[in-house]
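Following: one structure in structure tokens, then a few remarks.
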Amino acid sequence: MLLELAMPTAGYAYAVAAGSCSEEIRQDIPNHLVTGLENGAYGRDYLIDLDKQLMSLVNKKTS
């Protein structure tokens, strides 16, 4: 049961990551959603760092 719940969530995570790299999708997450994120082990700072890592990989492949 838990695996069944986790699988769609992983798919959503991939879709969101791909969308964050798309120039066709407006990158307009409201600031209060970012600043309101908790900052635990996998919180706001972790996500910001992960985004930077992913974007550096995208930039390497496109240049």
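The values are calculated or read from the model by the stated rules, or taken from the named source; none is laboratory data. In this text, all values refer to a predicted model and were calculated from it rather than measured experimentally. Cβ placement follows ideal geometry from the backbone for every residue including glycine, while neighbour counts extend to all protein chains displayed.
Here are the numbers for the structure shown:
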{"quantity": "Segment 51-63: number of residues that are at pLDDT below 85, under 17 Å from Ala13 (Cβ atoms) and not acidic (Asp, Glu)", "calculated": "4"}
{"quantity": "Qualifying residue in segment 19-27 (condition: surrounded by 11 or more Cβ atoms within 10 Å (Cβ to Cβ), at pLDDT below 80 and not aromatic (Phe, Trp, Tyr))", "calculated": "yes"}
{"quantity": "Scope segment 30-46; condition in a loop (DSSP other than H, G, I, E, B) and surrounded by fewer than 10 Cβ atoms within 10 Å (Cβ to Cβ); matching residues", "calculated": "Pro30, Gly36, Glu38, Gly40, Ala41"}
{"quantity": "Given (1) part of a helix (DSSP H, G or I); (2) loosely packed, with under 10 Cβ neighbours inside 10 Å, index of the condition Asp49 fails", "calculated": "(2)"}
